[in-house]
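Colleague: Next up is a structure, given as structure tokens.
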Amino acid sequence: TVTEQSTSIPLPGVNVVIKNTTTGTATDFDGNYQIEAKKGDVILFSYVGYQPMEIIYSGQKTLNIQLKEDAAQLDEIVVIGYGSTTKKDATGSVESITSEDFTRGNIVTPENLLSGRVAGVSINTSGSPGSGSEIRIRGGSSINASNNPLIIIDGLPIDNNGVNGSNGILATINPNDIDSFSVLKDASATAIYGSRASNGVIIIVTKKGKATFSATYDAQYSFGELTDRIGVFSGDEFRQLIASQPVNGSSLNESLLGTASTDWQDEIFRNTVSSQHNISMQGSLFKAIPTRFSFGTTNQEGALLTSNFERRNLGLALNPSFFDSHLKINLNANLAFEDNRFGDTGQIGAALGYDPTQPVYDPSSPFGGYYQHRNGSLLSNGTTNPVASLLQRNNYGDANRSYGNLNFEYKFHFIPELKAVLNLGYDETESKTIDYTSTLVATNDPVKGNSSFGTQKRTNKSFDGYLNYSKEFGDVRTELMTGYSYQKFTNNGGNTGNRRDPASFPSTFADPDVVLIGFFGRANISLLDKYLLTVTYRRDGTSRFSEKNRWGNFPAAALAWNISDEDFLKDSNTISNLKLRVGYGITGQQDISGNNDIFLNRYRGGDQNSQYQFGNAVIESLIASEINPDLKWEETSTIEFGVDYGLFDKVTGSLNFFQKNSTDLLFTASVADGTNFSNSIIQNIGELQIQGVEFSVNTDIVKKEDLNINFNFNATFLKREIKELALGQDVRTGGIAGGTGNNIQILREGEAPNSFSVFKQLYDTSGNPIEGAYVDLNGDDIINDNDRYLKENPNADVILGFQSNINYKNLDLSFNLRANIGNYAYNNVNSSRAQYERILDNSVLANIPTSILNTNFQRTSDVIISDIYLEDASFLKMDNITLGYTFNNVSKTLKSIRLWGGIQNVFTITNYSGLDPEVFGGIDNLIYPRPRTVLAGANFKF
Amino acid sequence: CTADLDITPNDDQTTLSEDLFTNETAYKQVLAGIYANLALTGTDGAGSSNLKNIDAGTSQFGRVLLYVQSLSADEMIWSYENDPGTREIQRNLWTAQNPLLLGMFSRAHLSIALANNFLRETTDAKLDARNVSTTVRNEMPAYRAEARLMRAMSYYYMMDIFGKANFSTEDDALNSQPPAYDRAQLFEFVESELKAIDTDLIASRQNQYGRADKSVAYMILAKMYLNAEVYINESRYTDCVSYCEKIINGGYSLATNYLHNFMADNNTNSATNEVIFPIVSDGLTTQNYGPTTVMINGSVGSIEVNGTEVGVSAGGWGGALRVRKQLANLFNSSFANDTRNTIISSGRSIEITDISDKDSGYILQKYSNATSTGTFGVDQTFVDTDFPLFRLADVYLMYAEAHLRGGGGSLTTAVGYINALRTRANNSNTITSGELTLDFILDERGRELHWEAHRRQDLIRYKKFTGGNYNWVWKGNGSNGISLPAHFNVYPIPTASMAANPNLTQNTGY
């Protein structure tokens, strides 16, 4: 029997060979093996992640072996595209995070297991329940095309687009089923995914079945509370304001005031209770098939009234081996049921602005008993009661997802160096959405409210196969891999429209299919285990481009040198590991959602509200669609220098310098008017450059029997700059609230993408801003668009992550901190609301932020572009802190219980005046607030 | 299986062109697409747009035309100046970056592209190849002439507004960089084109409602001739008079009630006798944020909350539109009962000293989503009211003006036309031939045609738009009006349009 040294658990699949022969076998699930050997033969036991062992056979009948885990992290297995390698042999920038390193806390969706953990990876999640995240690896290498990384679950690349009714592509996945993440960052690592790899790749590996029985049960309860509100006037303050503050020179009508004092933010937000339960079982089914089964439920209440997220997950993993482990089959099948009730986030703004002198309820109101501004039974113009708007609407989404893959790995019987892998993947999400409002909803419209029903279905089918050949020739180890991949995505659905409105029609949609086909190969050559070379090549075809442009070639190469294995460092006590890496490669981008068939000559008919009339009869007009038959790949070339280091056997880490240049950007730019069927189409123009430095360090400060302290620190410095734009022309972007079509950001050559473009505010001698007065920067005596200047951008210059785990006897403590430095945010809440004229909301009164007292501005349109609303939003956040205690060997069956408690969103240190400095895209227009959550949980192991 | 990379559209609203024309009704539908570009901004509802870098609502043809011709002049004020571009248009501060100007330039050029495409797809060679039936082929000369008419109309507006256009015809390739034509070249092209299609166009008032006939071509010609001194520095008033006569002889008559022209049923009521070319709008099937939707919702008063009177929600758009003092003054006390006077002044001051104060200034109620029989349009936002782009009353006024400017015709006839308009408006103050002066006509045009997207062109012809001899409130960003430099007689070429075509150069002064 072969067992694991520290736990005595049998190890299946250990290679047992007689050295210098082809005679060999592998252990079964119970670690047993049989081999014929002669006295004096050297038997070699090897297993990835363990130190190999050689035994000189002395004729005994049974030979029990204990394999020792390879302490050096260098041999940690790293999953890379279409295969795996060891950390020591890796030539690219790849970071692997396994379950013990995961970020802890209130983890509802899987990406948060990675929050703050990996240099170069930023994850921004909103506060809404079950919400998706914006994941960026090295800032994103595109401007108009997708900046989302490619996410692969057990070999199945998933679609980056979600469905209506779901919170996003990762929201359906149970974080508890995840075993590890591999983050591929540089081109030498990602190029094997060719056309989809420019924004990095995240490979998720789920937990597998095991031969021995174990089971876990996790329960977690959390209690959330919002800790902050946007400052607005209270009822009494508001009454005083109305009495004293003229708007545009005329005093306000006090008779519109009510007698109540309502804090509308308190009325729409609530404290929340949420729970998660997970059961998993591992063991051998029919004593032959290592199996894992998991079941999880999550119920998360949203801080905004009515919003709620529920999910149930079923997972099954079957991992049998046949023919002495020559054939391994991995089946991974998952079902997820996601039920959402969405709270209308627009009501957050409505609550800010709602008259605080009015009550929530009004028994005489014909609108369901809620107070509304009205004149008899007729609703007045202006905002409607936000509490009513939330409670009278049920916007429900129900997404069912089934995904998984079936993986065959066959090691040829006569050529054990050759391995064939076949991977079949399937992912289907079907959703239903119901949007139903009460018929007592506040409206003067003859159509009372909404009742609509929608469906959507996305499918993703993937097939790939590859051959892998690895052999040693003396001091040279080679590994060659070549394969083929096919993937097809579909998306369609429909909506009934408002069934109460005779003018509303049902509609359907069906996206063009997206088909991606690739041929790929990779060669790894290692000389003396010290000099490593990796060459990869992929040729990809996409259905998004015309026949002449659809194929692209994506090569990459990397060299690595394990200097610490050289004689002059081999015995160093200081430097335990040192590796230099250099890599270069080209990756592609073709993800232009919404333009999947722009190369085709198409016409589009108007929908039922967009017809024309000839002779007073309706005729469906057909309008030629914009066309670009010349569209081709956007290409990103990456060059990277990296150092992986280890010091005193305690400290490990890496330092990377990289530069990415994206050329032929898929960019929406003007075409000469009259020569196409739009004024602007997506084209290949422009260049974006990203330069960066990443640094990480992992330290085991103390590593003793009773006490372990380690920390992980990572830092990312990023600079993104537009080198070239279409026609050298600025592009305004970053739409803001407060008027139709206002933009606050700009794309300009030589600047960071989405730099803020603002007017320079003038101040009087006592330092107060002068309303509507700006510096005439071009000196032409007119203040117009030409006087806007560029100031800062939404992206952080430096991103820091810090995490620490402390174990003392049975006690464990962990926390993590994150900081962004140099990110700016435009406070759109103040810019569009903190002006006195906003007190008049049509014919009724409205509340405004108390920050008005800092400026005393009257008119939104005069000040909305002022740089006074642009703020430094650098922050330091403690995302979570968790304390746990483990009781071991509680009973014969119960191996351990861990009880733990923690806090999510512990604190934020920032100078930013808004609610939360971490906004999306640098424009703070009332994000769904992130609550502070107190967590308690228990973890049982059987 | 790399053949899977050859995809076709799956959506039932989208068709490949190679499949489209196997169905012969497609020709009429593609023709309807050219017309629809004047009413719709996209194919998927009022908020959709096939133009980019401009808000869908504000790239609607009729709406941006209203902005550049009426909002920029002495008749209209838009309260929401945080809607980009509106402030600069109504205060005459525009730059080449103005999004509304981009909307105007791009939308009109899209009509050109759609017309060129139709002409390419309906050549004899293509029709032969597709074995098109005789029935459809018999209609084809009229279809093609209408496509050319819509193209010429776009060039006409570009000539008037920008003084330039990208010039491309059905012979030019897609995504090319076409030559830029100046006013003289455009004048020559539009004139010859409109004359060339005359035989193929359907006779006046004989085409289906919503489609253009000979009179539309005559109307454009008449307007070009009336303004020829501005465009090409030539006097063409005689041509103007003769084309006005051609229109008048086409069988038009004034609507029985002035306001019928601006009502929800103006596609069926007596306005059909008067309207020469409408931009169609329908609360159900042709929803848009076009000029009638904007003016009906926008003219609802902030104090009056009188939306239900005109068939939209009570508050409408909260007082988005008001009247400048100069327009209000055209309707002095002797016009109190003139039906063209729809001004509501009670409880309001005539002055607008603060544009964002929606309670100041007069409002008016010219357009309505109510029908002549007292019912209302189907929707409370999107109106059924078609926008009368060209109508007979304008022709009467043009005739009179061209006559006074030496274009011939008869003074008696001219006075008769003016008095017909007054009589129709229930105004007993008819004029004598001695009272018919050019200044009178400009004022009368204001009274008859305000808010119909003509005013800027009229003021330029009268040399009153730029310079300082006529200052209306907020002209040049002065609350009482200040002089404008002469280069403001044309708008600047939008930056984005110019960058995409190096052959286009900026107008002098910008």
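Colleague: Output the residues belonging to the stretch B:203-220 that are more than 12 Å from chain A (Cβ to nearest Cβ) and either of a type outside the set (Lys, Arg) or surrounded by fewer than 22 Cβ atoms within 10 Å (Cβ to Cβ) (or both).
Modeller: Passing the criteria: B:Ala203, B:Ser204, B:Arg205, B:Asp213, B:Ser215, B:Val216, B:Ala217, B:Tyr218, B:Met219, B:Ile220.
Colleague: Next question. Which of the residues spanning the stretch A:782-812 are over 20 Å from A:Val758 (Cα atoms) and β-branched (Val, Ile, Thr)?
Modeller: A:Val798, A:Ile799, A:Ile806 - these are the residues of the stretch A:782-812 that are over 20 Å from A:Val758 (Cα atoms) and β-branched (Val, Ile, Thr).
Colleague: In addition: Go through the stretch A:487-516 and count every residue that is in contact with an Asp or Glu (Cβ under 7 Å, 6 or more places away or on another chain) and closer than 29 Å to A:Ala556 by Cβ.
Modeller: Result for the stretch A:487-516: 4.
Colleague: Right, here's the next one. When you go through (1) part of a loop (DSSP other than H, G, I, E, B); (2) under 30 Å from B:Ile352 (Cβ atoms); (3) in contact (Cβ under 8 Å) with a residue 12 or more places away in the chain one by one for B:Asn82, which number turns out not to apply?
Modeller: Evaluating B:Asn82 over (1) part of a loop (DSSP other than H, G, I, E, B); (2) under 30 Å from B:Ile352 (Cβ atoms); (3) in contact (Cβ under 8 Å) with a residue 12 or more places away in the chain leaves (3) as the failure.
Colleague: Would a scan of the stretch A:690-699 turn up a residue that is among the acidic types (Asp, Glu), touching a Gly at 6+ places or on another chain (Cβ under 6 Å) and closer than 30 Å to A:Val731 by Cβ?
Modeller: The answer is yes; a qualifying residue exists.
Colleague: Which members of the stretch B:49-77 meet the condition of being within 11 Å of chain A (Cβ to nearest Cβ) and not charged (D, E, K, R)?
Modeller: Once the filter is applied, which keeps residues that are within 11 Å of chain A (Cβ to nearest Cβ) and not charged (D, E, K, R), the stretch B:49-77 yields B:Ser49, B:Asn50, B:Leu51, B:Asn53, B:Ile54, B:Ala56, B:Gly57, B:Thr58, B:Ser59.
Colleague: Among A:Asp427, A:Asp398, which is in contact with a Phe, Trp or Tyr (Cβ under 7 Å, 6 or more places away or on another chain), under 30 Å from A:Asp177 (Cβ atoms) and in contact (Cβ under 8 Å) with a residue 60 or more places away in the chain?
Modeller: Matching residue, one of A:Asp427, A:Asp398: A:Asp427.
Colleague: I need the full set of residues from the stretch B:409-423 which are under 26 Å from the mean Cα position of the chain (by Cα), surrounded by fewer than 19 Cβ atoms within 10 Å (Cβ to Cβ) and in contact (Cβ under 8 Å) with a residue 24 or more places away in the chain, in order please.
Modeller: B:Ala420
One line per residue, one yes/no per condition, for (1) touching a helix residue (DSSP H, G or I) at 6+ places or on another chain (Cβ under 8 Å); (2) in a loop (DSSP other than H, G, I, E, B); (3) of a type outside the set (Ser, Thr, Tyr):
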position: A:Asp529; (1), (2), (3): yes, yes, yes
position: A:Leu532; (1), (2), (3): no, no, yes
position: A:Ser546; (1), (2), (3): no, yes, no
position: A:Gly588; (1), (2), (3): yes, no, yes
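Colleague: To continue, here is another question. Just checking: which of the strands (runs of 3 or more DSSP E) contained wholly in the stretch A:435-520 hold 1 or more residues that are within 21 Å of B:Asp12 (Cβ to Cβ) and either more than 13 Å from every other protein chain (Cβ to nearest Cβ) or touching a helix residue (DSSP H, G or I) at 6+ places or on another chain (Cβ under 9 Å) (or both)?
Modeller: Ranges flagged: A:451-473, A:476-495.
Colleague: Of the residues in the stretch B:421-456, how many are in contact with a helix residue (DSSP H, G or I) (Cβ under 7 Å, 6 or more places away or on another chain) and small (Gly, Ala, Ser)?
Modeller: Counting residues in the stretch B:421-456 that are in contact with a helix residue (DSSP H, G or I) (Cβ under 7 Å, 6 or more places away or on another chain) and small (Gly, Ala, Ser) gives 4.
Colleague: Considering only the stretch A:243-255, how many residues are within 14 Å of chain B (Cβ to nearest Cβ) and not in a loop (DSSP other than H, G, I, E, B)?
Modeller: So the count comes out to 2.
Colleague: Follow-up. Assess whether B:Glu81 counts as being at pLDDT below 90, of a type outside the set (S, T, N, Q) and more than 24 Å from B:Ala453 (Cβ to Cβ).
Modeller: When the stated conditions are applied, B:Glu81 does not pass them.
Colleague: Where in the stretch A:97-172 are the strands (runs of 3 or more DSSP E), entirely inside, with at least 1 residues that are of a type in the set (Ser, Thr, Tyr)?
Modeller: Here the list reads A:121-125, A:133-137.
Colleague: Something else now. Which condition from (1) out of contact with any Ser or Thr (no Cβ under 7 Å at 6 or more places or on another chain); (2) within 11 Å of chain A (Cβ to nearest Cβ) is the one that B:Asn82 breaks?
Modeller: Unmet condition: (1).
Colleague: Any residue that is of a type in the set (A, V, I, L, M, F, W, C), under 30 Å from A:Leu256 (Cβ atoms) and surrounded by fewer than 21 Cβ atoms within 10 Å (Cβ to Cβ) - is there at least one of those in the stretch A:315-325?
Modeller: no
Colleague: Considering only the stretch B:142-187, how many residues are within 9 Å of another protein chain (Cβ to nearest Cβ) and on the phi > 0 side of the Ramachandran plot?
Modeller: The number of residues fulfilling the criteria is 1.
Colleague: Moving on to the next point. Here is a list of conditions, (1) surrounded by fewer than 19 Cβ atoms within 10 Å (Cβ to Cβ); (2) touching a residue at least 12 places away in the same chain (Cβ under 8 Å), and A:Thr933 meets all of them except one; can you say which number that is?
Modeller: It fails just one condition, (1).
Quick grid of which residues meet (1) of a type outside the set (D, E, K, R); (2) closer than 24 Å to B:Gly434 by Cβ:
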residue	(1), (2)
B:Val310	yes, no
B:Gly315	yes, no
B:Ser334	yes, yes
B:Ile352	yes, no
B:Ile363	yes, no
B:Val378	yes, no
B:Thr381	yes, no
B:Asp386	no, no
B:Leu404	yes, yes
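Colleague: Shifting gears a bit: Just to check your reading of the model, which residue among B:Asp357, B:Asp384 is in a loop (DSSP other than H, G, I, E, B), surrounded by fewer than 22 Cβ atoms within 10 Å (Cβ to Cβ) and within 14 Å of chain A (Cβ to nearest Cβ)?
Modeller: B:Asp357
Colleague: Counting just the residues of the stretch B:1-40 that are more than 30 Å from A:Thr542 (Cβ to Cβ) and among the aromatic types (Phe, Trp, Tyr), which one comes out nearest to the other protein chains (Cβ to nearest Cβ)?
Modeller: B:Tyr35
Colleague: I would also like to ask the following. Please determine whether any residue of the stretch B:474-483 is more than 18 Å from B:Asp394 (Cβ to Cβ) and of a type in the set (D, E, K, R).
Modeller: Yes, the stretch B:474-483 contains a residue that is more than 18 Å from B:Asp394 (Cβ to Cβ) and of a type in the set (D, E, K, R).
Colleague: Now a separate question. What do you reckon, is A:Leu688 surrounded by 17 or more Cβ atoms within 10 Å (Cβ to Cβ) and either part of a strand (DSSP E or B) or of a type in the set (Lys, Arg) (or both)?
Modeller: Yes.
Colleague: Of the residues that sit in the stretch A:591-626 and are within 7 Å of chain B (Cβ to nearest Cβ) and among the hydrophobic types (A, V, I, L, M, F, W, C), which one is surrounded by the fewest Cβ atoms within 10 Å (Cβ to Cβ)?
Modeller: A:Val618
Colleague: Does B:Asn477 meet the test of being surrounded by fewer than 21 Cβ atoms within 10 Å (Cβ to Cβ), modelled with pLDDT under 95 and under 21 Å from B:Val323 (Cβ atoms)?
Modeller: yes
Colleague: Could you figure out which of (1) surrounded by fewer than 17 Cβ atoms within 10 Å (Cβ to Cβ); (2) away from chain B (no Cβ under 11 Å) isn't true of A:Gly588?
Modeller: Of the numbered conditions (1) surrounded by fewer than 17 Cβ atoms within 10 Å (Cβ to Cβ); (2) away from chain B (no Cβ under 11 Å), the odd one out for A:Gly588 is (1).
Colleague: Inside the stretch A:354-368, can you point out the residues that are in contact (Cβ under 8 Å) with a residue 60 or more places away in the chain and either over 20 Å from A:Gly231 (Cβ atoms) or of a type in the set (Phe, Trp, Tyr) (or both)?
Modeller: A:Tyr354, A:Pro359, A:Val360, A:Pro366, A:Phe367, A:Gly368
The values are calculated or read from the model by the stated rules, or taken from the named source; none is laboratory data. What you see is a predicted model, and the numbers here were worked out from it, not measured in a lab. Don't worry about glycine lacking a Cβ; one is built from the backbone with ideal geometry, like all the others, and counts go over all protein chains shown.
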